[in-house]
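In what follows, a single structure is set out as C-alpha cells and then discussed.
The values are calculated or read from the model by the stated rules, or taken from the named source; none is laboratory data. As the structure is a computational prediction, the values presented were derived from the model and not from experiment. Heads up, the Cβs are rebuilt from the backbone with ideal geometry, glycines too, and the neighbour counts pull from every protein chain shown.
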Amino acid sequence: MFELVFLGTSASAPSIYRGLPAVAVLAGEQRFLVDCGEGSQRQILRSGIGFKRLNHIFLTHAHLDHILGLGGLLSTFGRWEALDEIFIYGGLPAIQRVQALVYQVIFRRETPPVPIYFHRVTPGETLFKGRKFAVRAFPVSHRGRECYGYIFEEDSRRPFLAEAAEALGVPAGPERSRLVAGESIVLESGRVVRPDEVLGDVIPGMKVAITGDLARTDDIGDALRDTDALVIESTYLDAHADIAREVGHITARQAAELAREANVKFLFLTHVSRRYREFEVIREARKYFPDSYVVRDLDHFAIFRDRRPRKIEQRQQTEADDDPPEGGEE
C-alpha cells in the first residue's frame, strides 16, 4: 500500500488555500518527497508526517515553484541533524539549480552537517529499490530539458498454491519458502518440484505515478498504462487550451482523457490555477473520466490495488507539533 500526502496543490504561485507543489509518498517505513515548493516544510509539520526518514527527494523539473522550498527544508535538516544523509534526484537543470541554492546560499561558508547526494536521473532508471517496491523515472515534456515524472510500483508476485503443494507432498516450512523464491526443491522421495508447479499466475504490483508539469500527454501513455493512481497537473480548463499550449501546461480535459486511454484507475488533479473554482475543474475532468478528484492541501489518501483510495483524516495539531527535536534551537 502507498499513501499520498498532498502538501501543496497550487499552480505557479500560492493562494490563500493552496501552497506550492509538493507531494509526500509513504511506503511502509520509507518516505519520499516529490518536488518541494516554497513553504513545504511547514506543510510537512501540519500534515503530521514529520521529517523522520523523509530523505529521498525527487524533483520533476527546475522551475522555482517546485524547488524553492528546499532552501528552508535543507537548512532545517542540517541544523537539527534529523537525518543521517539526504538524496536528491532530478534532471541536470534541476540538480544544478539546487546545488547553487545549497552551496552558494544555504551552506556557502560551511560544509553541510548532513551529507547531501545528488543524482542525475536517466529515463527508465530504477532510482530506489525497497523491500517490495521500486521507484523509477520516466521523461515528460514541459518547458526546458530533462523533465521527469516518477513511478512508485510494488513488485509483482505469484501466489503460492497451497493445495497444489499439498498434493505434491511439499511439507510446510523452508521448502515452500524456497519455491516462492523461485528455487526448485527435491523431496525425500527424490521428486523434483519446480516453482511453476505450486505458483499461480503473476499478479502485477500496485502502481502510483506522479507526472509533475506537462506540455503534452501523447508521449507518456505507455509509461502510465494500468496505473492505480495518477497524480497529474490540471492548470487550465479546455476553454483556455490555447493558453495552456503557449505556456507548456495541460487542461483538466487532457488529463482526464489520458487517464481514460491509459486505463488509469483513479485520477488526482493538482497544480490548480487561481483563476478557476474547484468545482469547474472537477466538472470538466469527470465529464471524460468519472474517477477524478481535485486534491487540496493536506489531503491524505491510502492507495490500494483492489479498491478505491481511502481518504485519511488529518490528525489534530497542537502547539507541541512546532517544537524542534531535542537539542534543536528555536
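Scanning for something in contact with a Cys (Cβ under 8 Å, 6 or more places away or on another chain), assigned by TED's automatic domain parsing to the domain that holds ARG310 and assigned to a loop (DSSP other than H, G, I, E, B), does the range 232-246 turn up at least one residue? Quick ask: steps written out before the conclusion?
Taking the range 232-246 and keeping what is in contact with a Cys (Cβ under 8 Å, 6 or more places away or on another chain), we get none.
No, that holds for no residue.
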Seminar exercise, completed: Expected output for the range 189-207 (first residue more than 17 Å from ARG178 (Cβ to Cβ) and buried (at least 16 other Cβ atoms within 10 Å of the Cβ), partner among the charged types (D, E, K, R) and at pLDDT 90 or above, Cβ below 6 Å, 6+ apart or cross-chain) is GLY205/GLU153; GLY205/GLU154; GLY205/ASP155; MET206/GLU154; MET206/ASP228; LYS207/GLU153; LYS207/ASP228
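Looking at ARG178, ARG136, ARG131, can you tell me which residue is closer than 30 Å to GLY28 by Cβ and outside the structural domain of VAL247 (by TED's automatic domain parsing)? Walk me through how you get there before you give the answer.
Details: ARG136 fails: outside the structural domain of VAL247 (by TED's automatic domain parsing); ARG131 fails: outside the structural domain of VAL247 (by TED's automatic domain parsing).
Of the residues listed, the single one that is closer than 30 Å to GLY28 by Cβ and outside the structural domain of VAL247 (by TED's automatic domain parsing) is ARG178.
Scan the range 130-153 and tell me whether some residue there is among the polar types (S, T, N, Q) and either in a helix (DSSP H, G or I) or under 17 Å from the mean Cα position of the chain (by Cα) (or both).
Keep residues of the range 130-153 that are among the polar types (S, T, N, Q), which gives 141.
With the extra rule that they be either in a helix (DSSP H, G or I) or under 17 Å from the mean Cα position of the chain (by Cα) (or both), the set shrinks to none.
No: zero hits.
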Problem set entry | Sole residue being in the same structural domain as SER40 (by TED's automatic domain parsing) and not in a helix (DSSP H, G or I), chosen from ARG296, ARG286 | ARG296
Exercise. If you scan the range 66-89, which residues turn out to be modelled with pLDDT of 95 or more and not hydrophobic (A, V, I, L, M, F, W, C)?
Worked result: HIS66, GLY69, TYR89
Problem set entry | Scan of the range 48-80 for residues that are surrounded by fewer than 20 Cβ atoms within 10 Å (Cβ to Cβ) and among the small types (Gly, Ala, Ser), ordered by number | GLY48, GLY50, GLY71, GLY72, SER75
Exercise. Which of the residues spanning the range 106-137 are farther than 29 Å from TRP80 by Cα and among the acidic types (Asp, Glu)?
Worked result: GLU125
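Here's the yes/no breakdown for (1) free of Cβ contacts under 8 Å to residues at least 12 places away in the same chain; (2) among the polar types (S, T, N, Q); (3) touching an Asp or Glu at 6+ places or on another chain (Cβ under 7 Å):
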site: GLU246; (1), (2), (3): yes, no, no
site: THR251; (1), (2), (3): no, yes, yes
site: GLU257; (1), (2), (3): no, no, no
site: ARG260; (1), (2), (3): no, no, no
site: THR270; (1), (2), (3): no, yes, yes
site: GLU278; (1), (2), (3): no, no, no
site: ASP297; (1), (2), (3): no, no, no
site: ALA302; (1), (2), (3): no, no, yes
site: ARG310; (1), (2), (3): yes, no, no
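Please find, among ARG109, ARG120, the residue that is closer than 15 Å to HIS61 by Cβ, without any contact (Cβ under 8 Å) to a residue 60 or more places away in the chain and assigned by TED's automatic domain parsing to the domain that holds VAL135.
Details: ARG109 fails: closer than 15 Å to HIS61 by Cβ.
The match here is ARG120.
Okay, residues lined up against (1) aliphatic (A, V, I, L, M); (2) closer than 30 Å to GLY221 by Cα; (3) surrounded by fewer than 17 Cβ atoms within 10 Å (Cβ to Cβ); (4) at pLDDT 90 or above:
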| position | (1), (2), (3), (4) |
| --- | --- |
| VAL121 | yes, yes, no, yes |
| GLY124 | no, yes, yes, no |
| LYS132 | no, yes, yes, yes |
| ILE151 | yes, yes, no, yes |
| VAL170 | yes, no, no, yes |
| GLU183 | no, no, yes, yes |
Problem set entry | Lone unmet requirement of (1) over 13 Å from the mean Cα position of the chain (by Cα); (2) surrounded by fewer than 23 Cβ atoms within 10 Å (Cβ to Cβ); (3) among the polar types (S, T, N, Q) for GLN30 | (1)
Exercise. Consider VAL114 against the criteria (1) surrounded by 19 or more Cβ atoms within 10 Å (Cβ to Cβ); (2) β-branched (Val, Ile, Thr); (3) in contact with a Gly (Cβ under 9 Å, 6 or more places away or on another chain): it satisfies all of them except one. Which criterion is unmet?
Worked result: (1)
Exercise. Among the residues of the range 232-254, is any on the phi > 0 side of the Ramachandran plot and surrounded by 15 or more Cβ atoms within 10 Å (Cβ to Cβ)?
Worked result: yes
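Of the residues ASP65, ASP35, which single one is among the acidic types (Asp, Glu), closer than 25 Å to PHE301 by Cβ and touching a strand residue (DSSP E or B) at 6+ places or on another chain (Cβ under 6 Å)? I'd like the intermediate steps shown before the answer.
Numbers: ASP65 fails: touching a strand residue (DSSP E or B) at 6+ places or on another chain (Cβ under 6 Å).
The conditions single out ASP35.
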Exercise. Taking the range 81-105, which residues are crowded, with 17+ Cβ neighbours inside 10 Å, assigned to a helix (DSSP H, G or I) and β-branched (Val, Ile, Thr)?
Worked result: ILE95, VAL98, VAL102
For this session: Working only within the range 1-47, note down all residues that are in a loop (DSSP other than H, G, I, E, B), closer than 30 Å to ARG275 by Cα and among the small types (Gly, Ala, Ser).
Result: ALA11, SER12, ALA13, SER15, GLY19, GLY37, GLY39
